[in-house]
Every structure is written in structure tokens, then in C-alpha cells.
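Comments concern the structure below.
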Amino acid sequence: MIALIQRVSKASLTADGVFRGRIDQGLVALACAERDDSEKDADALAERVLNYRVFSDENGKMNLSLRDIKGQIMAVSQFTLAADTNSGNRPSFTPAAEPKLGEKLYERFVKKLEAEGFSPVTGVFGAHMAVELVNDGPATFWLRYPKKR
């Protein structure tokens, strides 16, 4: 699975024109399942997102995680993260999980965040979504589990 995380000072989300929620300081996690991913991968990626140290400590160093700062999280499904862009002028989405598996693993990712004590603002799988955010830094990181070559 892949997560593109952005450290934000605030963010809001609508899905098919319906307001879904907003967060203040925290992370926006765009999540994507690939063809061979499993529930174990979704759980591990959620743990990695929660523990990834991208927030500044008292010395201005990125040493604090979302858990440490007790921040908020927004989780949005985004299958385009799996795009193969190595050739041509149009992305191929063959590496992305089929929609049924993609939705199952996205939901598992969200459930793991909830099981860890977070209340994520979530999108709607397959919907047209609009994310508005203020990227703090800017700080954006691409995470993948398991690590693939």
C-alpha cells in the first residue's frame, strides 16, 4: 500500500459536493492499495503513518509523530498513487488494486487508525472528492508498505 502524507495546519474535505469534515494540525493521508496488497499491509501502513516523525520538536527537528502531538488525521482514498508513469503521456493504473480490494484495504486502513484512538475524517471510496489544505512546511512524504523495488 501507498500513502502520500502531508503535514497540515488545516484541511477540509468534500465528497460529491457533500462536506465530510475538517481537521486542524495533523496529517492528510492519501491512501492507495496495489494489486498484491493485504490487510496486514494496510495495518502496517496505518501504524507507519501514525508513527512517522514529521512534526518539529522544541529544537525545530522533525522528531515528533502524529501520536506525539495528538494531532488529527484525514484519510482519503486515491488510486492514482499507484499510477505507472514510466512511459507515454498517459498514466496506466494497472498496478492499482481492483476497486473491490482497494475499497476493502482503504476501509481496513481507516479502521486501524480508529483502533489506535484516532477519529479520522474520511472520504468516500470512488467519489469525486475535493481536499483543501494548508501544507505546513511544506512537508510531504511518500510511504509504501511493504517496500517494493
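Modelled this way, with points 7 Å down the Cα-to-C-beta line, the labels at N89 and E47 are 4.5 nm from one another. Pairs of lysine residues in region 11-149 that meet both criteria, 8 or more places apart or on different chains and Cα atoms under 30 Å apart, total 26. Its alpha carbons considered, the chain gives a radius of gyration followed by a Dmax of 14.9, 46 Å. DSSP beta bridges confined to region 1-141 are antiparallel in about 75 percent of cases. Per residue, the accessible area of region 20-149 comes to 58 Å² when a 1.4 Å probe rolls over the protein heavy atoms. Using a 1.4 Å probe over the heavy atoms of the protein chains, calculate the carbon and sulfur portion of the accessible area of region 3-149 as a whole percent. It is 47 percent, rounded to a whole number. When the GluC sites (Glu not before Pro) in region 21-102 are filtered for DSSP coil states and for at most 13 other beta-carbon atoms within 10 Å of their beta-carbon, the remaining sites are E58. Can you give the FRET efficiency to the nearest 0.05 for K147 and S12, using r as the Cβ-Cβ distance and R₀ = 41 Å? Computed FRET efficiency for K147 and S12: 0.80.
Label sites at Q25 and A139, each approximated as a point 7 angstrom past Cα along Cα to Cβ, lie 1.0 nm apart. Short-range pairs are left out: with C-alpha atoms under 8 Å and at least six residues apart, the relative contact order of the chain is 38 percent. Counting only Cβ charges, +1 for Lys and Arg and -1 for Asp and Glu, the dipole size of the chain around its Cα centre is about 220 debye. Each residue was assigned an accessible area with a 1.4 Å probe, and for E132 the value is about 130 Å². Shown here for region 45-128: trypsin sites (Lys or Arg not before Pro) in loop regions (DSSP other than H, G, I, E, B) with at most 12 other Cβ atoms within 10 Å, namely K61, K70.
For region 84-135, applying the loop criterion from DSSP together with a ceiling of 16 other beta carbons within 10 Å to the chymotrypsin sites (Phe, Trp or Tyr not before Pro) yields F93. Report summary: the helix-based calculation at 222 nm, which adds -39500 (n - 2.57) for every DSSP H run with n ≥ 4 and divides by the residues of the chain, gives -7000 deg cm²/dmol. The angle separating the long axis of helix 39-51 from the principal Cα axis of greatest extent in the chain is about 30 degrees.
The values are calculated or read from the model by the stated rules, or taken from the named source; none is laboratory data. Every value quoted in this text rests on a predicted model; they were computed, and no experiment measured them. Please note: Cβ atoms are built from the backbone with ideal geometry, for glycine as well, and neighbour counts cover all protein chains shown. Heavy atoms of the whole protein, side chains included, go into the accessibility calculation; ligands, DNA and RNA do not. Shrake-Rupley method; radii C 1.70, N 1.55, O 1.52, S 1.80 Å.
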